[in-house]
Every structure is written in C-alpha cells, then in structure tokens.
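Visitor: So that we are looking at the same thing, I have put the structure below in structure tokens.
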Amino acid sequence: MATKLEARDLSELAAHLRLVITRTARRLRQEAGTDLGPSQTAALATIERHGPLTPTELARMERIQRPTATRIVARLEEAGLVERVADPVDGRSFTVSANAEGRALMKKLRTRKNAYMARRLRGLDPDELATLDRAAAILEDLLEGERR
C-alpha cells in the first residue's frame, strides 16, 4: 500500500512534473511549426473554443491583463486569423471570433501535435498507456479545481 508523500517528496514531485510538462509543451509547440507565439496560439485556441469573446473575457480565461489580451487580438487580426465585431451590448468594446483561416490553422496545429504524441505513445505497453491516461485525468482535475 502506498504511503503519503512527505512534504519534501511532494516538492520534488512538483518540480519534476513542472519540468516534464514544460518540456512537453515546448516540444508540442515545436511540432506545431507556426509563426505564432505561445500566447497568441493559446488565445486563438480560447477564442475558437469559446468565442465570440470580449477582450475582458479573453483576458480572464487566459489569466492575462486586458491590455495584453487587446494586443494579442490585434496581432491575430493582423495575421488574418480573427475578426472583430462591435459589441452589441457595449458600443465601446468589441467581440472577437476565429475566422475560417483561424479555425483551419488551429485544426492543422492540433493535428500535428496529436500525430506527434500518437507516434511517441505507440511504443508504450498497455500498462504504461493506462498510467498516462489516468495521469492525464488527474492533471485535468487539478487544473479544473483551480478554476472553481
């Protein structure tokens, strides 16, 4: 039976997880092969999934400041990946949505990243795959709990 990890062990586990997750995210960005930076890619993904969004809503979801969200939206608009529409509720603001080109880019990026991960997972045995599946669910639950 597993015992509870000591505080030092939890700290070491946290450091190890952080490093592995960071390296995995970096590798997936490399595999995606896009000129967009990580913040722009993340914002475009959020806009695609949850849009149309105001800059304030995007900032809240991405956990960034509103001026930063506005700058990112401007860059995405310059790249031809999103479109702005005046906010029908607040004429001083606007909403942003992914356009066809933005949606196509996100699909391409996800396909590349998923293919990379699938190639890496192919060599694992069923027990390792089951462990990773469980770990992914646990990490997802940890992150979802952060939003509450």
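The values are calculated or read from the model by the stated rules, or taken from the named source; none is laboratory data. All of these numbers come straight from a predicted model, not from anything done at the bench. Methodologically, a virtual Cβ is constructed for each residue, glycine included, from the backbone with ideal geometry; neighbour enumeration extends over all protein chains shown.
Visitor: Considering only residues that are farther than 15 Å from Ala135 by Cβ and surrounded by 11 or more Cβ atoms within 10 Å (Cβ to Cβ), look in the range 1-24 and name the one that is modelled with the lowest pLDDT.
Guide: In this case the residue turns out to be Leu5.
Visitor: Still on this model: Here are Asp87, Asp35: which of them is in contact with a strand residue (DSSP E or B) (Cβ under 6 Å, 6 or more places away or on another chain) and surrounded by fewer than 17 Cβ atoms within 10 Å (Cβ to Cβ)?
Guide: Asp87
Visitor: Sticking with this structure for a sec: With the requirement that a residue be in contact (Cβ under 8 Å) with a residue 40 or more places away in the chain and either of a type in the set (Val, Ile, Thr) or in a helix (DSSP H, G or I) (or both), what does the range 26-53 give you?
Guide: Across the range 26-53, the qualifying residues are Arg27, Leu28, Glu31, Ala32, Thr34, Thr41, Leu44, Ala45, Ile47, Glu48.
Visitor: If I ask for residues that are of a type in the set (Asp, Glu) and either touching a residue at least 24 places away in the same chain (Cβ under 8 Å) or surrounded by fewer than 16 Cβ atoms within 10 Å (Cβ to Cβ) (or both), which ones from the range 70-84 would you list?
Guide: Matches in the range 70-84: Glu77, Glu78.
Visitor: If you don't mind, another one. Please specify each residue of the range 54-69 satisfying the condition of being within 17 Å of the chain's Cα centre (by Cα), surrounded by 13 or more Cβ atoms within 10 Å (Cβ to Cβ) and not in a helix (DSSP H, G or I).
Guide: Selection gives Ile64 alone.
Visitor: For the range 101-138: of the residues being closer than 23 Å to Pro38 by Cα and touching a Leu at 6+ places or on another chain (Cβ under 8 Å), which is surrounded by the most Cβ atoms within 10 Å (Cβ to Cβ)?
Guide: Here the answer is Gly102.
Visitor: Taking the condition touching an Asp or Glu at 6+ places or on another chain (Cβ under 7 Å), of a type in the set (A, V, I, L, M) and either closer than 27 Å to Glu144 by Cα or at pLDDT 95 or above (or both), does Ala74 pass?
Guide: No, not satisfied.
Visitor: Which numbered condition trips up Met117, out of (1) touching a residue at least 24 places away in the same chain (Cβ under 8 Å); (2) within 16 Å of Thr46 (Cα to Cα); (3) not β-branched (Val, Ile, Thr)?
Guide: Single failed check for Met117: (2).
Visitor: May I ask you to list pairs of residues, at least six apart or on different chains, whose Cβ atoms are under 8 Å apart, with the first in the range 121-147 being free of Cβ contacts under 8 Å to residues at least 40 places away in the same chain and in a helix (DSSP H, G or I) and the second being surrounded by 10 or more Cβ atoms within 10 Å (Cβ to Cβ) and among the aromatic types (Phe, Trp, Tyr)?
Guide: Taking only residues 6 or more apart or on different chains, not a single pair turns up.
Visitor: Just name the residue that is farthest from Val96 (Cα to Cα) out of those in the range 30-40 that are modelled with pLDDT under 95 and not charged (D, E, K, R).
Guide: Of everything passing the filter in the range 30-40, Gln30 is farthest from Val96 (Cα to Cα).
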